[in-house]
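Trainee: Questions regarding the structure given below will be posed in turn.
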Amino acid sequence: MTGPGQRFSAADLEAGPGDRREARAVLAERAAAGVAVLAAGAIVGGMVALGACAAPFVFRMTPAPFNGDAMAAAFARFDRLALGLAAVLLAAEVVRTFVGGRRGRTPGARARRLSGVVLAMAVAYVGTTITPRIAELHRGGAARGVGIAGEELDRVHRHAEIVGKAEVALAAALCLLHVFTLRGRRRGEDDSDDPAPLPPGPFGAS
């Protein structure tokens, strides 16, 4: 430990155990945030690619019932991927909460956790309830707006659109929260008011 007017040595420049722990925690937190943002982005990207890009052209250019069967199969496969991505999201949140310490109890961190849990629940709901129901109705020959089965199919589709929009909003909010709740430079770091020790050698002598 050096005081005013004292010369420092190379040992004074080495990171202490506390500094190394802090550095590992920051690295783990940033890695978890990066993984979570990638997973949330992949969920949104897949939904936009299938729902907003592929589905309109498939239903327009492919005759029934093949168009419904094709999109149901595509969404079923994507749902399996989305469930895996949701698990990754939750695992990343566990890491951030574990290494975040007191920062994990801030309003932003709580909002981030809540967004992640609700998004994962929405993904699970779509994958286990909505998509199988749509596929079942298509296999039964239902066409949107035609007969009782068609009305049911139309209702389930509208429900799927509402949940999908909610997922997009949650994923976007989650990405922002992961970025804005990353820890920054510790207060006082590099801002110490303590006088700097003199350099080693004859130039540091008083």
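Trainee: Can you confirm whether the stretch 101-118 contains a residue that is of a type in the set (S, T, N, Q) and not in a helix (DSSP H, G or I)?
Mentor: Yes, some residue in the stretch 101-118 is of a type in the set (S, T, N, Q) and not in a helix (DSSP H, G or I).
Trainee: Still on this structure, I have one more. Using beta carbons and a limit of 9 Å, which pairs, at least six apart or on different chains, have the first residue in the stretch 151-176 and aromatic (Phe, Trp, Tyr) and the second one at pLDDT below 90 and in a helix (DSSP H, G or I)?
Mentor: none
Trainee: Output the number of the condition that Met47 fails; it satisfies all remaining conditions of (1) in a helix (DSSP H, G or I); (2) at pLDDT below 80; (3) not charged (D, E, K, R).
Mentor: Checking Met47 against (1) in a helix (DSSP H, G or I); (2) at pLDDT below 80; (3) not charged (D, E, K, R), the one that fails is (2).
Trainee: Could you go through the stretch 2-16 and let me know if any residue there is among the β-branched types (Val, Ile, Thr) and modelled with pLDDT of 60 or more.
Mentor: no
Trainee: Ok, one more. Name the residue, out of Ala122, Ala149, that is of a type in the set (A, V, I, L, M, F, W, C), under 28 Å from the mean Cα position of the chain (by Cα) and part of a helix (DSSP H, G or I).
Mentor: Within the list Ala122, Ala149, the selection yields Ala122.
Trainee: Let me ask something else. So in the stretch 73-124, with the set limited to residues that are surrounded by 14 or more Cβ atoms within 10 Å (Cβ to Cβ) and of a type in the set (Ser, Thr, Tyr), which one is modelled with the lowest pLDDT?
Mentor: Going through the qualifying residues, I end up with Thr97.
Trainee: Let me ask something else about it. Can you work out which of the residues in the stretch 57-101 that are among the charged types (D, E, K, R) and more than 23 Å from Ala173 (Cβ to Cβ) is nearest to the chain's Cα centre (by Cα)?
Mentor: Among those that are among the charged types (D, E, K, R) and more than 23 Å from Ala173 (Cβ to Cβ), it is Arg80.
Trainee: Can you pull out the residues in the stretch 145-171 that are in contact with a helix residue (DSSP H, G or I) (Cβ under 7 Å, 6 or more places away or on another chain) and either surrounded by 18 or more Cβ atoms within 10 Å (Cβ to Cβ) or under 30 Å from Glu93 (Cβ atoms) (or both)?
Mentor: Answer for the stretch 145-171, where residues must be in contact with a helix residue (DSSP H, G or I) (Cβ under 7 Å, 6 or more places away or on another chain) and either surrounded by 18 or more Cβ atoms within 10 Å (Cβ to Cβ) or under 30 Å from Glu93 (Cβ atoms) (or both): Leu153, Val156, His159, Ala160, Val163, Gly164, Ala166, Glu167, Val168, Leu170, Ala171.
Trainee: Another question, if that's okay. List every residue pair whose Cβ atoms lie under 9 Å apart, where the two residues are 6 or more positions apart in sequence or sit on different chains, the first residue falls within the stretch 66-81 and is touching a residue at least 24 places away in the same chain (Cβ under 8 Å), and the second residue, located anywhere, is of a type in the set (Phe, Trp, Tyr) and surrounded by fewer than 17 Cβ atoms within 10 Å (Cβ to Cβ).
Mentor: Gly68/Phe59
The values are calculated or read from the model by the stated rules, or taken from the named source; none is laboratory data. As the structure is a computational prediction, the values presented were derived from the model and not from experiment. Every residue, glycine among them, receives a Cβ derived from its backbone with ideal geometry; neighbour counts consider all protein chains shown.
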